[in-house]
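Remarks on the structure that follows.
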Amino acid sequence: MAAVFPHLDPLAYRPHALHSAERAWPETNCYVDLWIEALHAMGAAPEAMLGFTLTQDFEGDQFTFFKVPLEDLESLYDVRVTELAIFDRVEDHVSEQIARGRLCLLEMDSYYMPDTKGVAYRTEHGKTTIAINRLSEKDKSIDYFHNGGFHRLEGEDFDGVFGKFHPEGAPPFLPYTEFAKLPARLPDAAHLRREADRLLKRHLKRMPEDNPVAAFARVFPMQVSALADRPFEYFHKYAFNTLRQLGANFELAATHFDWLAPGGDLKASSDAAMTIANTAKTAQFQLARALTRKKYDTLGQALAPAVDAWDHLRETISAHIN
């Protein structure tokens, strides 16, 4: 049967080093994670695309759900991504594009995804994005990129993700879908470094004017105190959209700086980004304890190293680029 990357086997797959368990944030968010693994499967360096992390902001109730801009994927890797219209059976559309060597990205329900066991699988419905490498209606199975790996689901889970259990009369299953046209030949390493350097300069101009970590620190204790009357499970949703997005974003930024300047010219910026990443990790542990003890006043102070590190990052990266 057709597959975009025929050589891939979920049982033998080894994730990219960006998803190593040794990292502070082994997973980031579904969209960036799947592109890390898809580029890895292509034989490309996903580290090159991470300059956009400079643009993350605090949006008042959450940090930016950071996503690689599609124009960056095209300029770096010649990967062209656009929306795929869904006007018939989703499986037919996806199968057609896979047969043409194109990777389809779909928003699906994590309730039916076995790789989310212990988080959402068969316990909670949630929207997440996957990229399907292979689809077999005969076997009722798909192989797909999601979060930090490459997985297979089948049987009843196949029926579930494709909306087979929707009651009669329910709206049709029409997930938001993108498809990626992959290049016949990858650009060389010199092109990647030139483009990554150019994009970093562009993204620096889009960096927030005001320190987003400081803005978050000011409201963090109040936001957490409002969680006191919510079920503890809500803690995970809040932490994912605040501390995890902040920490994971800047760990990827640090990796990008190290990749772009292996000689250490961006070490000061990399160190500052890692301070933000590690501070966010520590603050997440402190958040859990604060909810247990119902003491929130000192939470803002927990972010102080990250506040200073963001200012230092902006100063050092600006000095290097300008």
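The values are calculated or read from the model by the stated rules, or taken from the named source; none is laboratory data. Predicted model only: the values in this text are computed from it and were never measured. No Cβ is skipped: glycine too gets one built from the backbone with ideal geometry, and neighbour counts run over all protein chains shown.
Of the helices (runs of 4 or more DSSP H) lying entirely inside region 216-322, those carrying at least 3 residues that are farther than 19 Å from S20 by Cα are 234-239, 267-293, 299-302, 304-321. Just so you know, in region 80-120 the residues that are of a type in the set (A, V, I, L, M, F, W, C) and out of contact with any Phe, Trp or Tyr (no Cβ under 9 Å at 6 or more places or on another chain) include one that is modelled with the lowest pLDDT, and it is V119. Of everything in region 43-72 that is touching a residue at least 40 places away in the same chain (Cβ under 8 Å) and touching a strand residue (DSSP E or B) at 6+ places or on another chain (Cβ under 9 Å), the residue that is farthest from K201 (Cα to Cα) is T64. Look at region 106-122: where a residue is farther than 12 Å from C30 by Cβ and a partner is among the basic types (K, R), sitting 6+ places away or on another chain with Cβ atoms under 9 Å, you get D109/K127; Y111/R122; Y112/R122; P114/R122; P114/R152. Note on region 223-241: among residues that are touching a residue at least 40 places away in the same chain (Cβ under 8 Å) and over 19 Å from V119 (Cα atoms), the one that is surrounded by the most Cβ atoms within 10 Å (Cβ to Cβ) is V224. Within region 68-105, being among the hydrophobic types (A, V, I, L, M, F, W, C) and part of a loop (DSSP other than H, G, I, E, B) holds for V68, V79, L84, A85, I86, F87.
Of these, L8, L39, L18, which one is under 13 Å from A131 (Cα atoms) and crowded, with 16+ Cβ neighbours inside 10 Å? So the residue among L8, L39, L18 that is under 13 Å from A131 (Cα atoms) and crowded, with 16+ Cβ neighbours inside 10 Å is L39.
Filtered by the rule that a residue be surrounded by fewer than 19 Cβ atoms within 10 Å (Cβ to Cβ) and in a helix (DSSP H, G or I), region 53-67 gives a lone residue, T55. Exactly one residue out of L70, L76, L50 is buried (at least 18 other Cβ atoms within 10 Å of the Cβ) and either under 14 Å from the mean Cα position of the chain (by Cα) or at positive phi (or both): that is L50. Taking R244, is it at pLDDT 95 or above and either surrounded by fewer than 16 Cβ atoms within 10 Å (Cβ to Cβ) or not hydrophobic (A, V, I, L, M, F, W, C) (or both)? Spelling it out, R244 is indeed at pLDDT 95 or above and either surrounded by fewer than 16 Cβ atoms within 10 Å (Cβ to Cβ) or not hydrophobic (A, V, I, L, M, F, W, C) (or both). In region 93-136, of all residues being closer than 18 Å to H166 by Cα and charged (D, E, K, R), the one that is surrounded by the most Cβ atoms within 10 Å (Cβ to Cβ) corresponds to D109. Among what's in region 138-180 and is assigned to a strand (DSSP E or B) and of a type in the set (V, I, T), pick the residue that is surrounded by the fewest Cβ atoms within 10 Å (Cβ to Cβ). Applying the filter and picking the extreme gives T177.
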